[in-house]
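As structure tokens, the structure follows; a few thoughts come after it.
The values are calculated or read from the model by the stated rules, or taken from the named source; none is laboratory data. For clarity, every value in this text was computed on a predicted model and none was experimentally measured. Here the Cβ positions follow ideal geometry from the backbone for every residue, glycine too, while neighbour counts run over all protein chains shown. We work out accessible area using only protein heavy atoms, side chains counted, and drop any ligands, DNA or RNA first. Shrake-Rupley method; radii C 1.70, N 1.55, O 1.52, S 1.80 Å.
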Amino acid sequence: MMAMVSTAAAEGEDARGHIPNQLGLQVRSAFLMDAATGQVLFDANAEVPLPPASMSKMMTEYIVMDEIKQGKLNWDDMVTTRENAATTTRQGSHVFLAEGDQHTVKELFIAMAVGSANDASIALAEHISGTEEQFAQRMNETAKRLGLETAHFINATGLGRDDMSPKYQPASIDGETVMSAKDAAMLAYHILKDHDEFLEYSSIPSYKFRERDDKPLINYNWMLEANKEVPAFRRYVYEGLDGMKTGHTSVAKYCFTGTAERNGMRLISVVMGADSEPARFLESAKLLDYGFNNFEMKTVIPPKSVVETQETVKIRKGVKTEIPVVTQNDVSFMVKKGTEPEITLLKTEVKSADELVAPIENGTVVGSVTYEYIDENGAKIDHTVNLVTNEEAKKASWWRLMFRAIKDFFVSLFNGIVDLF
């Protein structure tokens, strides 16, 4: 279960649009969360919807990968470029698709992930939904399903309405594309949770879209660890960083959703409204440093642990009438380094005996247990794990079941007689 917990917040902007915050980040908003548990480690103005520019392409990428996961789309499917994609060269990045050009889904996806190509994004959107406007409607539907509270999309690219061709500006969707830093992080969280293969593409430092192209696309993400041998980017390279998406327009300024993993701990960072291209990466590094330097994952309940309040569950038609249960996975919380988290058992839920009929395999999910941790700021964070059977429950013979039924009958009869007196 993902817990959303704020540890810092700020209001009011200075003359440059920066939000005061405890890390001194020179941005309009910032957010940091643990990718495994969803715990929030830092936020400043993180719930305010702002223009995300090309960071909105993360939703386009999510939907493409969803289509592939569901078997509705294949990486090697051919996509034919239509007029909209071929003429979207007024603003932003592109790979100069011409109407009628054909490229595979994978080629266009990499162009979008590495080069933030608007025309590749539109070509994929139209291939999936028929029109970019219909695809944007699906983006908004998906945002609601994922629990994004502020995200609103008008196209597949993140371009402003006025930067789109008048012919293809959406008539059925009002406003502009906006998304809070918190929602950008949550979108990244869902990408990592549902489609972690995305990192294979977001971590590509450069990509030659066509063999005849003079130069390859250079990933706009200067922080990639894969850039450590590139002199121009060496100052910005961040150990363990392999995603996710940059964004820039004159209105949005410079934005970046990043993710990095160190020593088994993966963090997701978002900065929005930085003043320059280098600044968005330098501010992101400060944010990630804060997370890695000050927090650690502590396991408070190991996997396969016995829960004191629920050591067994009752079953029917088994050799035994109840079987032992344990936690399926560990229970871990992100805590300030050097602290020992105190946890509380919130609730335990198990299936009834009527639902658990032998034979039952070892490791069968039979319920769940929820623990709560209160951090040093008083924020409540809960974590739920499954309860599973810790041994196989074999089905009893009809002979055993018959004698058990006879015994239960006489016990019930005796108790009924006792109750008369």
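Restrict the search to segment 67-139; then list the GluC sites (Glu not before Pro) that DSSP places in a loop and that have at most 15 other Cβ atoms within 10 Å of their Cβ.
GLU99
Measure off 7 Å from each Cα along the Cα-to-Cβ vector at THR150 and GLN91, then give the distance between these two points in nanometres to one decimal.
Inter-label distance under the simple model: 1.9 nm.
Could the peptides 253-259, 72-78 be put in order, highest first, of the mean number of other beta-carbon atoms found within 10 Å of their residues?
253-259, 72-78
In nm, to one decimal, how far is the modelled label at SER250 from the one at ALA353, with both set 7 Å along Cα→Cβ?
7.4
Hey, rough spin-label estimate for LYS320 and LEU346, points 7 angstrom out along Cα→Cβ, what's it come to in nanometres?
With each label placed 7 Å out from Cα toward Cβ, I get 3.0 nm.
Name all residues of segment 127-159 having a backbone nitrogen under 18 Å from the label point set 7 Å from the Cα of GLN70 along its Cα→Cβ direction, giving them as ranges.
It comes to 127-148, 156, nothing else.
Which entry is the computed percent of Cα pairs over 41 Å apart for this structure: [x] 30; [y] 17; [z] 11?
[x]
Tell me, what are the semi-axes, in whole angstrom and largest first, of the equivalent ellipsoid of segment 201-319 as set by the roots of 5 times the Cα gyration tensor eigenvalues?
Here the semi-axes work out to 42, 19, 15 Å.
Magnitude of the Cβ-charge dipole of the chain, K/R +1 and D/E -1, about the Cα centre, nearest 20 debye?
Charge dipole of the chain: 840 debye, to the nearest 20.
Say the dipole of segment 127-273 comes from +1 at the beta carbon of Lys and Arg and -1 at that of Asp and Glu; which of SER206, HIS190, MET223 then lies farthest toward its positive end?
MET223
How do GLU211, GLU176 rank by accessible surface area computed with a 1.4 Å probe, from largest to smallest?
GLU211, GLU176
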